[in-house]
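Nothing in this text is a laboratory measurement; each read-out follows from the coordinates by a stated rule. Only a predicted model underlies this, so the values are computations on that prediction, with no experimental measurement involved. Here the Cβ is made from the backbone with ideal geometry for all residues, glycine too, and neighbour counts use every protein chain on show.
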Amino acid sequence: MSGLVVVDTSIASFVLRRDTRQELYEHHFRNVLVVVPFQVAAELHYGARIDDWGPRRVKALDRYLSRHLVWGWDDMLSGAWVDVMGHARAIGRRLEPGDGWIAATAFALGAPLLTHDSDFGDLELPGLEVICYAR
């Protein structure tokens, strides 16, 4: 699918915190639909809980999520997760299951994955484009 971009937790966090590193990725957000994997939405809410965010910050998080498409579980995504995790294992890479769901969302949708997490960088899965400016 064209016109989509998938964000991982690092990118969404940069935007929510107004971290200057978001500027590295801003041009990828133009004229596309931003997809937030369900795993990212869950990680953001979990972070808000353990960091004891107040109601105002949680509301800002909910507003952020409401402006984007939060992609949930379906059969297509489940199959993509199996492909991603199987590929990682085949190349000798340990990939956390949560990261697998994030990568699988981009893989299933045929959309680039924006991340600032170098863990995704060396997956080299055909059909998965990873955009990462982390050093």
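Structural remarks
- Rounded if a/c under 1.5, otherwise prolate or oblate - segment 78-135, Cα gyration tensor axes: oblate
- Simple rule: put +1 on each Lys or Arg Cβ and -1 on each Asp or Glu Cβ in segment 1-124, find the dipole, and look at 20, 4, 77; the Cα lying farthest toward the positive end is 20.
- Modelled FRET efficiency - R0 22 Å, residue 51 with residue 94, Cβ distances, 0.05 increments: 0.25
- Taking the helices alone, the chain has a mean residue ellipticity at 222 nm of -14500 deg cm²/dmol, built from -39,500 (n - 2.57) per DSSP H run of at least 4 residues and averaged over all its residues.
- Extending 7 Å from the Cα toward the beta-carbon at both residue 62 and residue 20 defines two label points whose distance is 3.3 nm.
- Residues with amide H under 5 Å from that of residue 130, placed H, sequence gap 5 or more: 113
- Stretchable slack from residue 75 to residue 124, in nm (0.36 nm times residue separation minus alpha-carbon distance): 15.3 nm
- The chain, relative contact order in percent, only Cα pairs under 8 angstrom and at least six apart counted: 30
- Most mobile of 12, 48, 106 in a GNM of the chain (Cα contacts under 10 Å): 48
- The listed peptides 15-27, 83-95, ordered by packing as a protection proxy, come out as 83-95, 15-27 (highest mean of other Cβ atoms within 10 Å first).
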